[in-house]
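**Student:** Got a structure for you, questions after.
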Amino acid sequence: MTSRTGSRTGLQAPPPPVLDRCRALVEPALRTAVRTLHPWPRRMASFSLGWCDADGLPVGPGNSGGKGVRQALAVLGAEAVDAPGDAAVAGAVAVELVHTFSLVHDDIMDGDERRRHQESTWKAFGTGPAVLAGDSLFALAVETLAGAGGESGAEAVRHLSGALRELVHGQADDLLFENRPWTGPQAVDIPAYRAMALRKTGSLLGCAMAVGPVLAGASPLLSGALTEAGRQLGAAFQAVDDLLGIWGDPESTGKPVHNDLRRRKKTLPVLAALASDTTAGRRLALLLDSDAPLDTADAYCAAELVEEAGGRAFTMAEARRHVAAAHDCLDSVPLVPRAVGELRSLSEFLIDRQL
């Protein structure tokens, strides 16, 4: 049953324990790394990570940061090849720093004023300072990997830089999508969207799962399978994020309901609805093609049309397809069974987040 806000009734399954375990393992090293920054970007970085408010005052442990999915994937990827703990932690720290950097800059590009139930970094500190904070986080991530050890450290930096190149490619496509029409030969189609999501979101999750193994000198066969598994999980994660951008509970997402629709963002549920060749899809196209801003009533109507045209169901099926592909990658090479089991559990949590 769908409520007026679009969220599903019922209770969300609790996060798997591996998130807390990996956070406890990684956060001390992450805080140590951030403390090396200049005091001003250090405060903004700590704010972005959810450790303090805009004045630098510490926040309670229940308010800090996101779920820590990427650092958990980094730890589990390393554990899957029985890598040493220091490789797992260094990789996880670098990935979390890059993820936070990308969010800080992403909010600037999208003009998003809220992130994780507080002001976004640019809104709290200004655009220029937020760019500086993001640059500081990126530089610190590279330094973390470069200092993690010998030739493997250099290879890990190459692994990270390749993922960042892909991320930038995907982000550029996503921004260009905003200027393309909703219908007609220049419209964004589903294959183009899939390619963008694999780069924008999949690249970093692929990097997360393989950076620890690369640091530990794992074989290209193992690191390659983990990279592809992470890329597939990233595409699934993006699909669910697209659902949350329309129907997510603001108490969980920290953003207004129907936020992506109000911004006329080209997300997978909308594109699938437009491609459905249904009455609801055609009505949706007329609504989105209008130059008038979407008010509250229009946004509710658009959400209902997306669901009626099958966009919501299509996107959830897409997420599950990518998770299945990730599981196939994990099953294709010899990995530590316990870590694979935890990766499977975490992947199910990623697509069952509350809607």
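Nothing in this text is a laboratory measurement; each read-out follows from the coordinates by a stated rule. Every value quoted in this text rests on a predicted model; they were computed, and no experiment measured them. Methodologically, a virtual Cβ is constructed for each residue, glycine included, from the backbone with ideal geometry; neighbour enumeration extends over all protein chains shown.
**Student:** Give me the net charge for the shell around ALA272: Cβ to Cβ below 9 angstrom, other residues only, Lys and Arg +1, Asp and Glu -1.
**Tutor:** Residues near ALA272 contribute 0 overall.
**Student:** Averaging sequence separations of C-alpha pairs under 8 Å and six or more residues apart, then dividing by the length of the chain, give the relative contact order as a whole percent.
**Tutor:** The normalised contact order for the chain reaches 20 percent.
**Student:** Local charge sum around ARG344 (other residues, Cβ-Cβ under 12 Å, Lys/Arg +1, Asp/Glu -1)?
**Tutor:** Once positives and negatives cancel, what remains is -3.
**Student:** Around LEU335, under 14 Å between beta carbons, what's the net of Lys plus Arg minus Asp minus Glu among the other residues?
**Tutor:** Once positives and negatives cancel, what remains is -4.
**Student:** Between ASP86 and THR296, what FRET efficiency follows from the Cβ-Cβ distance if R0 is 56 Å, with the result rounded to 0.05?
**Tutor:** 0.60
**Student:** Can you put HIS99, HIS327 in order of Cβ neighbours within 10 angstrom, beginning with the fewest?
**Tutor:** Sorted ascending by nearby Cβ count, the order is HIS327, HIS99.
**Student:** Related question: According to a simple spin-label model (label point 7 Å from Cα along Cα-to-Cβ), what is the distance in nm between GLU113 and ALA29?
**Tutor:** 3.9 nm
**Student:** Which value in nm describes the separation of the simple spin-label points at ASN179 and TRP40, placed 7 Å from the Cα toward the beta carbon?
**Tutor:** Inter-label distance under the simple model: 3.2 nm.
**Student:** Can you list residues from other chains, or at least 5 along the same chain, whose modelled amide H is less than 5 Å from the amide H of ARG115?
**Tutor:** SER120
**Student:** Normalised by the residues of segment 175-276, what does the relative contact order come to in percent, with Cα pairs under 8 Å and at least six apart?
**Tutor:** Relative contact order of segment 175-276: 28 percent.
**Student:** Evaluate the distance, in nm, between pseudo-label points positioned 7 Å from the Cα of ARG344 and of ALA172 along their respective Cα→Cβ axes.
**Tutor:** Label at ARG344, label at ALA172, 4.0 nm between them.
**Student:** Sort PHE237, PHE314 so that the residue with the fewest other Cβ atoms within 10 Å of its own Cβ comes first and the one with the most comes last.
**Tutor:** With the fewest neighbours first, PHE237, PHE314 line up as PHE314, PHE237.
**Student:** Could you put CYS207, CYS301 in order, starting from the residue whose Cβ has the fewest other Cβ atoms within 10 Å?
**Tutor:** Fewest to most other Cβ atoms nearby, the residues stand as CYS301, CYS207.
**Student:** Let me know the charge dipole size of the chain about its Cα centre in debye, to the nearest 20, where only the beta-carbon of Lys, Arg (+1) and Asp, Glu (-1) is charged.
**Tutor:** Result for the chain is approximately 200 debye, rounded to the nearest 20.
**Student:** On a C-alpha basis, how far is the centre of segment 78-130 from the centre of segment 180-250 in Å? Whole number, if you could?
**Tutor:** So the two Cα centres are separated by 16 Å.
**Student:** Right, next: Evaluate E = 1/(1 + (r/R0)^6) for ASP189 and ARG282, where r is the Cβ-Cβ distance and R0 equals 25 Å; express this FRET efficiency to the nearest 0.05.
**Tutor:** 0.90
**Student:** Nearest 0.05, what FRET efficiency do ARG21 and ARG321 give at R0 = 41 Å with Cβ-Cβ as r? Mind dumping the intermediate values first?
**Tutor:** Numbers: r = 29 Å, r/R0 = 0.70.
Once the sixth-power term is evaluated, E becomes 0.90.
**Student:** Residue by residue through segment 85-93, what is 3J(HN,Hα) from phi via Karplus (6.51 cos²θ - 1.76 cosθ + 1.60, θ = phi - 60°)? Round to whole Hz and write x for glycine and proline.
**Tutor:** Once rounded to whole Hz, the list reads x, 5, 5, 4, 5, 4, x, 5, 4.
**Student:** Sticking with this one: Once amide H atoms are built 1.01 Å from N in the peptide plane, which residues 5 or more positions from CYS52, or in another chain, come under 5 Å H to H?
**Tutor:** Close amide H contacts, sequence-distant or interchain: PHE47, VAL59.
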